[in-house]
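Asker: Okay, here's the structure, questions in a sec.
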Amino acid sequence: MSVSGISNYNNMIFQWQNQQLKNTSAGSAKSSSASGLSSLFGKNASMSSQLSSMVELTRYAMDAMGLSSDSRVTFSQISKYREQLKNEFTQGVKDGLARTGVKDPGALTFTLNKDGSITANSDNASDKKTVQAWLDANPSLGKDLRKNLADAGIDANARIEMRIGASGKLSVVNATNDTMQKVLDGDAELSEDVRKALNTMGVDLSAGIAFAFDAGGNLVVSGEHEKAEAINQWLSENPDLADAVKEQLEKRDVDASAVSLKLGAEGTVRITVNNSDLKDIQNVLDKENDLGKKIQTGMDSLGIDPNTDFSLQINPDGSVSIISDSADRDKIQQFFDENPALVKKFLQIDVLSGIEDARKAMQIAPNEMRKRIQIESMAAWWAGSNDASSYFGMYSNGNLSMLSGLNLNV
């Protein structure tokens with residue numbers, strides 16, 4: 001039986017409320033459909049029909065539980081499995097909704113391109129995609145900033161890297177500095193070799209020691225130092241650190257005079273690349289408080305509040321529709337459209353809840369069940385049929401047997 005067909009047995013809907021999946025009260029959720037539980041298990045439905053429907057529902061439950069057709073299962077086991085699915089579904093939705101927003105906004109940087117567009121950068125692919133979509137939908141933000149920079153005399157072709165603080169403040173990123181630092185961090189042996197040599201010379205590194213490139217392009221101690229001559233001699237004979245830095249400077253067309261380095265007692269060499277143009281850019285960004293706050297507010301709005309109330313309605317094709325007055329309704333709908341595993345789990349919960357209601361609907365005394373079966377069986381016998389698929393039930397010694405109908409006319 002198809003999932004969509006199974007779902008017709010259940011006359012309740014579910015609501016996501018306070019980060020929990022809850023079924024609504026029977027009074028407020030009853031379906032007007034004739035195929036609901038009230039018609040399948042009501043007083044006017046035949047006992048054989050009710051039992052057949054219950055068997056069909058139970059067979060689906062066993063399939064959902066991964067049990068073979070010859071297995072045994074109790075209503076208690078089905079109920080426990082349903083609660084397990086509800087807990088898994090609830091946690092899955094909570095975790096999923098939490099991931100719809102920007103997970104790590106502090107790791108994002110933004111590149112202002114020469115055409116005025118803004119590119120989001122992040123190691124988190126989901127964050128990058130989510131924020132980029134929002135930026136693309138708000139193109140005026142970058143174009144206005146590019147105009148203000150041009151009015152301040154900043155080169156219109158300059159690519160500008162920025163960060164946004166928690167308060168919405170824009171800060172220019174020294175991309176060259178960051179890139180070169182990553183290179184030095186990735187080759188820690190360069191720093192360790194210099195540190196070992198300085199320790200051998202008895203140089204105190206507790207306060208760190210600074211280096212710079214002289215007019216001849218040689219890496220030397222910056223400022224006065226009592227062991228400057230010995231240190232500079234060692235650096236001249238062991239140019240690995242200086243060569244690594246100069247290689248990166250040449251790639252980025254940066255003059256060596258703009259660079260300073262510092263080595264402490266621990267860690268890698270720290271590099272500083274001075275760029276006077278960045279100060280002019282930062283002066284403009286300091287005046288763009290509204291822009292930074294707009295981007296910050298925009299990123300905050302990308303997530304879905306897990307406390308949002310919404311109902312889930314099953315469609316004939318097995319998909320679900322979200323019913324909610326929330327402004328995030330479309331985002332929630334998209335979330336479920338993109339998570340078929342959660343939808344499948346919800347359909348299973350729906351079916352298993354229908355079984356529980358059906359069980360309660362069939363809680364009648366054994367004597368009453370026996371009478372109804374006997375009457376229905378006799379009616380079927382008297383009516384007769386040539387239909388080989390006609391069945392009736394016999395209740396004996398506490399057991400129900402489904403027997404083929406007699407193909408006889410009296």
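Asker: How many residues does the range 245-278 contain that are farther than 20 Å from residue 214 by Cα, surrounded by fewer than 17 Cβ atoms within 10 Å (Cβ to Cβ) and modelled with pLDDT of 90 or more?
Answerer: Adding up the residues that qualify gives 4.
Asker: Another question, if that's okay. From 220, 194, grab the single residue that is assigned to a strand (DSSP E or B), surrounded by 15 or more Cβ atoms within 10 Å (Cβ to Cβ) and not aromatic (Phe, Trp, Tyr).
Answerer: 220
Asker: A further question on this structure: Criterion first (assigned to a loop (DSSP other than H, G, I, E, B) and either within 30 Å of residue 101 (Cβ to Cβ) or among the polar types (S, T, N, Q) (or both)) does residue 297 satisfy it?
Answerer: Spelling it out, it is not the case that residue 297 is assigned to a loop (DSSP other than H, G, I, E, B) and either within 30 Å of residue 101 (Cβ to Cβ) or among the polar types (S, T, N, Q) (or both).
Asker: Now a separate question. Which one of these does residue 224 not meet: (1) in contact with a Phe, Trp or Tyr (Cβ under 6 Å, 6 or more places away or on another chain); (2) more than 28 Å from residue 175 (Cβ to Cβ); (3) not hydroxyl-bearing (Ser, Thr, Tyr)?
Answerer: The failed condition is (1).
Asker: While we're on this one: What residue, of 313, 363, 374, is outside any helix (DSSP H, G or I) and modelled with pLDDT under 65?
Answerer: Within the list 313, 363, 374, the selection yields 363.
Asker: While we're on this one: Filter the range 101-122 down to residues that are among the hydrophobic types (A, V, I, L, M, F, W, C) and free of Cβ contacts under 8 Å to residues at least 40 places away in the same chain and give me whichever is farthest from residue 144 (Cα to Cα).
Answerer: Per the criteria, the residue is 107.
Asker: Let me ask something additional. Kindly establish whether residue 156 is of a type outside the set (D, E, K, R), more than 21 Å from residue 274 (Cβ to Cβ) and part of a loop (DSSP other than H, G, I, E, B).
Answerer: yes
Asker: Report whether or not residue 55 is outside any helix (DSSP H, G or I) and open to solvent by 30 Å² or more (accessible area, probe 1.4 Å).
Answerer: So residue 55 does not fit the description; no.
Asker: Could you say whether any residue in the range 128-144 is acidic (Asp, Glu) and over 29 Å from the mean Cα position of the chain (by Cα)?
Answerer: yes
Asker: Let me ask another. Restricting to the range 279-301, count the residues that are open to solvent by less than 40 Å² (accessible area, probe 1.4 Å) and either touching an Asp or Glu at 6+ places or on another chain (Cβ under 6 Å) or small (Gly, Ala, Ser) (or both).
Answerer: 2
Asker: Could you grab the pairs with beta carbons closer than 6 Å, sequence gap of 6+ or different chains, first residue in the range 184-213 and closer than 17 Å to residue 260 by Cβ, second one open to solvent by 50 Å² or more (accessible area, probe 1.4 Å) and in a loop (DSSP other than H, G, I, E, B)?
Answerer: If the second residue must be open to solvent by 50 Å² or more (accessible area, probe 1.4 Å) and in a loop (DSSP other than H, G, I, E, B), the pairs left are 205/265; 210/222; 211/222; 212/222.
Asker: Ok, one more. Pick from 304, 314: which is more than 18 Å from residue 94 (Cβ to Cβ) and in contact with an Asp or Glu (Cβ under 7 Å, 6 or more places away or on another chain)?
Answerer: Answer to the check: 314.
Asker: Still on this structure: Among the residues of the range 262-271, are any part of a helix (DSSP H, G or I) and of a type in the set (A, V, I, L, M)?
Answerer: no
Asker: If you go through the range 168-185 one residue at a time, do you hit one that is under 22 Å from residue 237 (Cβ atoms), modelled with pLDDT of 90 or more and not hydroxyl-bearing (Ser, Thr, Tyr)?
Answerer: yes
Asker: A further question on this structure: In the range 159-178, how many residues are among the hydrophobic types (A, V, I, L, M, F, W, C) and outside any strand (DSSP E or B)?
Answerer: Residues that pass the stated criteria total 2.
Asker: In the range 129-153, which residues are among the hydrophobic types (A, V, I, L, M, F, W, C) and either in a helix (DSSP H, G or I) or closer than 19 Å to residue 274 by Cα (or both)?
Answerer: The answer is 131, 133, 134, 135, 141, 145, 149, 150.
Residues are listed down the side, and each one gets a yes or a no for (1) open to solvent by less than 50 Å² (accessible area, probe 1.4 Å); (2) more than 30 Å from residue 347 (Cβ to Cβ); (3) modelled with pLDDT under 85:
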| site | (1), (2), (3) |
| --- | --- |
| 83 | no, no, no |
| 86 | yes, no, no |
| 94 | no, no, yes |
| 105 | no, yes, yes |
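The values are calculated or read from the model by the stated rules, or taken from the named source; none is laboratory data. The structure displayed is predicted, hence computed values, not measured ones. Ideal geometry is used to build each Cβ from the backbone, glycine not excepted, and the neighbour counts take in all protein chains shown. We work out accessible area using only protein heavy atoms, side chains counted, and drop any ligands, DNA or RNA first. Shrake-Rupley method; radii C 1.70, N 1.55, O 1.52, S 1.80 Å.
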